[in-house]
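Coordinate-derived values only; no laboratory data. Since this is a predicted model, take the numbers as computed values, not measurements. As a convention, Cβ positions derive from the backbone with ideal geometry for all residues, glycine included, and neighbour counts pool all protein chains shown.
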Amino acid sequence: MMLMDLIDTLLNMTVFGFFGFLLWLYFIETEDN
Amino acid sequence: MSNPLLVTAMLLTGAIALWGILDTEGLAQTADLLVSVQFASRDWFIMLTVSAVLILSLIVAVSPYGRLRLGKDDERPEFSTVSWLTMLFAAGMGVGLLYWGTAEPVSHYLLLVNGGGPEDAAAAALFLTNFHWGVHAWAIYALTGLVIAYFGFRLGCPSLVSAPIIKIFGTSRITVAAGWVIDLLAIVAIAIGLGGSVAMGVFQIKAGIDALFGLEETGLGLALVVFAVLCLAYLPPLLVELSKGMAVLSNAAMAIATALLLFILITGPTAFIMGGVVQAFGDYAGNSLVHGFRTFTFMDSQVEDWFQDWTLTYMVWWLAWAPFVGVFIARISRGRTIREFILGVILGPTLFSILWFGVFGSIGFFAALRTDLPILDVVRDNVDGVTFFVLDQLPLAALTTAMVVCAAFLFLVTSVVSASFVLGMFSTGGNLDPPRRIKLVWGVLLGALGLVMILSGSIDAVRSIIALGALPFVFVILILAVCLLKALKREQLQ
């Protein structure tokens, strides 16, 4: 159970981090393709 | 077969269908388990995403970018605003509205009536139904459709879900791989989502035939006969070019549904229904935005289960349909401004569905609150037959029941034919005229997925299988939103 809870927490943090990834995507310089 | 995306997508959906046919129970249980774990822990993420999509869409609509056109600057819309709105309604008026019109509000009522008085429960039930079918759902479609239309018509990209990502982030190995996976996810989500609609429609048609001929306990046999007739009806249009004919069929289905709406309004308790519609409109307008952030975290497990089974399932269902409906609404919106597009897509169909559920829900509540009719038992025991039970209390029941059966059948045929087209297009690099052979294979696979969900025997199993297929798309829609914002930012620089 402990392990499952740990995995679940990590998944939630990853999903939360996804918003950070989106912000990074928004601000990085990209060239029109 | 030199197209790896096509082959992988077909193998994957085919494998899911095969699994479901060989071990229906196993697939339904696995889907239910996986989905309930995700829903229990990631509910905040799903609700945050749908609310963010709505708010972002509205901000883009009122921003200066709202004046940009989906097409060249001098292009003008192909369709008049009235026929555009009608076509939007038709896209949203799938078989779901016919199925859930009365069944959904009364289902919520069953739960809510334990907690408070019946009158408050009725109003709250109608609000929750409108929330599930309202601006949040249409914002998901609007944003996906906007991305497809903007990148397709204004920037000249192919009509693929991955095209904006390639356009914005370039053709490095990572973006190409990510784009490939995203196209695959979109295809699988559409295929599974549509299989679910096929099953839902077949269940309803079967219940209608039961009601029409007074049959009982027809079980799976009749459902399979209906399914076989449906397959015979949708396969020929895949082989010949019938896009005009499909539009006619879809309009006919919508005309029947609208006629039913007016019929119930006129022959039912008109004042009661109109009161219900007006109150539902006010409740929805006042509370929907805040409700989009509700996760019911502090509630007991019964409410938590309800939230997962209904609200979260609906939200991922709309996500599953988003690429499919998005392509359709993009195609009919060329030449409109971004502002017209977003406001039209979000507000038009929502107003119609408030009217729809107001009418069908109120007549259900009238039966529950003002008569002795056993409508609550019908909702509990035979949710497929609720619409027919309601129609049975009004004049000309045989005619209206037959109309619902016809409309459900027409909606299904047109949905499967257009989904086969969109799947064919997505799996052949955005080809606007996918080969017949490929459309036919998709038609067969959609049928097989539909069959799986019919074999699973209940609408609950269908909904968890759909949710499983659609969950990854939550991430995709957010990435697409970033692509759109980046592209708009460049637009201003030019």
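General observations
- Rounded is the label for the protein assembly as shown, because the ratio a/c of its alpha-carbon gyration tensor axes (a ≥ b ≥ c) stays below 1.5.
- Electrostatic dipole magnitude of the protein assembly as shown [Cβ: Lys, Arg +1; Asp, Glu -1; Cα centre; debye, to 20]: 2000 debye
- Whole-Hz couplings from phi, Karplus 6.51/-1.76/1.60, listed for region B:293-309; x for Gly and Pro: 9, 7, 10, 6, 4, 8, 8, 7, 5, 5, 5, 4, 4, 4, 4, 5, 5
- Put simply, the C-alpha atoms of chain B give a gyration tensor, and the ellipsoid matching it has half-axes of 34, 26, 22 Å, longest first.
- Listed by chain and number, the lysines whose C-alpha is less than 30 Å from the C-alpha of B:Lys206, apart from same-chain residues fewer than 8 away, are B:Lys244, B:Lys439.
- With contacts taken as Cα pairs under 8 Å at a separation of at least 6 residues, chain B carries a relative contact order of 38 percent.
- For region B:1-120, the dipole from Cβ point charges (+1 on Lys and Arg, -1 on Asp and Glu) about the Cα centre works out to 480 debye, to the nearest 20.
- A Förster radius of 56 Å, combined with the Cβ-Cβ distance separating B:Glu216 from B:Glu75, puts the computed FRET efficiency at roughly 0.45.
- Taking a sphere under 12 Å around the Cβ of B:Gly145 and counting the other residues whose Cβ falls inside, with K and R at +1 and D and E at -1, yields a net charge of +3.
- Net charge over other residues, Cβ less than 15 angstrom from the Cβ of B:Val452 (K, R count +1; D, E count -1): -3
- Cα-based shape type of region B:142-204, given that a ≥ b ≥ c are square roots of the gyration tensor eigenvalues and the cut on a/c is 1.5: oblate
- Cα-projected label distance for B:Ala247 with B:Asn382, points at 7 Å along beta-carbon direction, nm: 4.1 nm
- You can think of it this way: the chain between B:Phe298 and B:Leu11 has 99.1 nm of extra reach, that is 0.36 nm per residue less the Cα-Cα gap.
- Summarising the amide proton neighbourhood of B:Cys157: residues at separation of 5 or more, or on other chains, whose placed amide H is nearer than 5 Å comprise B:Gly152.
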